[in-house]
1. If you take the beta carbon distance between residue B:178 and residue B:19 as r and set R0 to 30 Å, what does 1/(1 + (r/R0)^6) give as a FRET efficiency, to the nearest 0.05?
2. If you line up the Cα atoms of chain B on their principal axes, what length do they span on each, largest first, in Å?
3. So, counting K/R as plus one and D/E as minus one, what does the shell of residues with Cβ under 12 Å around residue A:126 add up to?
4. When Cβ neighbours within 10 Å are restricted to other protein chains, what is their mean count per residue of peptide B:107-119?
5. Could you list the GluC sites (Glu not before Pro) in region B:77-107 that lie in coil according to DSSP, counting only those with at most 16 other Cβ atoms within 10 Å of their Cβ?
6. Just to confirm a number: summing +1 for Lys and Arg and -1 for Asp and Glu over residues other than residue B:206 whose beta-carbon lies under 15 angstrom from that of residue B:206, what do you get?
7. Can you pull the mean other chain C-beta count within 10 Å for peptide A:130-138?
8. Taking the Cβ of each residue in B:55, B:19 as the centre, tally the other Cβ atoms inside 10 Å and list the residues starting with the fewest.
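Please treat every number below as a calculation from the coordinates, not as lab data. From a predicted model like this one, the values you see are computed outputs, not experimental measurements. Ideal geometry is used to build each Cβ from the backbone, glycine not excepted, and the neighbour counts take in all protein chains shown.
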Amino acid sequence: MDIKEIQNLIKFVAKSGASEVKLEMDDIKITIKTGSDDKGEATTIVQQIPMAQTPVAQPAAVAAAEVVASTPVAPAASNEDSKYVTIKSPIIGTFYRKPSPDKPVFVEVGSTIKEGDVLCVIEAMKLFNEIESEISGKIVKVLVDDASPVEFDQPLFLVDPS
Amino acid sequence: MHIIKLNAIDSTNTYLRQLSASKAIEDFTVVVAKHQTKGRGQMGTQWNVQDAKNLTMSVFKDITGVDVERNFYISIAVSLAVFEALKSLNVEKLSIKWPNDILSENKKIAGILIENVIKQNRLQASIIGIGINVNQTEFENLPKASSLQLMSGRFFELDEIMITVLQKLEYFFELLQNNSFSTLKAQYEEHLFRKNKPSTFKDMEGDMFSGYIKGVSNSGNLQVLLEDEIIKEFDLKEITLLY
């Protein structure tokens with residue numbers, strides 16, 4: 001397991017909402033703890049297991065592989081994208097980039113955002129849901145076109161966290 | 001309860017949203033405006049010279065704890081609050097037209113605009129905009145609009161309506177925050193416009209079909225009984241009720 005994979009794992013655990021994840025693989029043992037009400041920061045304890053130790057049971061390794069494979073950040077797995085945070089849709093609805101048709105967009109590529117800034121509106125059944133940012137950073141990509149339908153958990157923005 | 005009265009504002013919802021973003025505000029903070037400046041005529045001509053005849057209000061509601069999956073229940077709670085408020089003021093033949101218009105007979109007398117704030121995938125606050133046509137008697141080119149005065153033949157005090165709506169909002173939001181979903185849904189469905197009546201609808205392609213409104217799903221889709229005893233669910237964009 002290289003540093004990149006560990007980073008991805010940390011991000012995944014932080015996003016999943018789990019408070020603690022322990023993983024044991026052939027040569028490595030990882031414990032990731034997230035604070036209860038923090039903003040996605042994760043504490044990681046990486047522990048090198050002595051080489052002499054007998055390999056651990058297979059299921060743990062399989063589980064770990066799956067976790068890494070389903071890491072939500074950077075589906076293309078390009079090295080560039082993996083440092084970005086994906087902002088996803090919390091609901092099904094229609095994605096709007098503007099508060100109303102005659103107004104400017106909330107954010108565009110290059111916009112600097114801070115926690116609490118409104119990124120978009122997702123309309124569902126005439127309920128207009130303003131989506132606020134949980135993080136500060138810079139918008140790298142807008143992944144959905146204005147006024148198009150979005151699914152639950154669909155990636156909306158790529159953000160370079162600051 | 002904190003009530004802010006304004007003489008003129010472009011939108012009470014926008015005002016309240018900005019206020020809530022600038023500082024922590026009390027649950028059920030209310031903004032009412034005598035005039036909405038949008039009601040002005042073009043080129044600076046002023047159309048609304050008299051005191052406002054209609055009620056336009058926005059209410060700030062803390063909705064932390066309401067599951068984002070239960071989003072539509074906010075719409076249900078607000079629709080029921082407006083419905084019950086008008087009912088207690090003796091407005092007749094009321095119904096709720098899916099998803100959240102309030103009708104008397106078959107004319108729209110009140111509209112609702114709800115704007116939620118979502119952060120970290122959780123609902124935070126709702127800005128509930130309610131517009132009720134009260135003492136307006138002319139609706140030029142709006143054949144499907146009416147007012148309380150037109151429908152009941154008497155004059156209404158705006159403050160009385162506002163207070164009644166707020167009391168009902170408190171009641172229905174308490175139901176919502178106590179997770180009384182089935183009670184809310186049953187009441188909402190009971191008052192649905194054209195429920196169990198043969199109705200005509202238009203689909204996205206503009207084709208017409210008939211069916212019976214039976215109810216709504218948890219996410220707010222309209223359930224319509226079609227031929228061969230099939231109940232189909234429709235999203236807001238997929239169906240228009242003709243009436």
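1. Numbers: r = 28 Å, r/R0 = 0.93.
Approximately 0.60, to the nearest 0.05.
2. Computed over chain B, the largest-to-smallest principal extents equal 56, 45, 35 Å.
3. Numbers: positive: B:97, B:237; negative: A:123, B:101, B:115, B:235.
With Lys, Arg at +1 and Asp, Glu at -1, the neighbours total -2.
4. Numbers: counts 0, 0, 0, 0, 1, 2, 3, 5, 7, 9, 6, 10, 9.
Counting Cβ atoms of other protein chains within 10 Å of each residue's Cβ and averaging gives 4.
5. Values: sites: B:84, B:92, B:105; in loops: B:92, B:105.
Those that pass, being in a loop and sparsely packed, are B:92, B:105.
6. Values: positive: B:202, B:237; negative: B:203, B:205, B:207, B:238.
Spelling it out: positives minus negatives among the neighbours equals -2.
7. Working: counts 10, 5, 6, 2, 3, 1, 0, 0, 0.
For this peptide, the per-residue mean of nearby foreign Cβ atoms is 3.
8. Working: B:55 23, B:19 16.
Fewest-to-most Cβ neighbours within 10 Å comes out as B:19, B:55.
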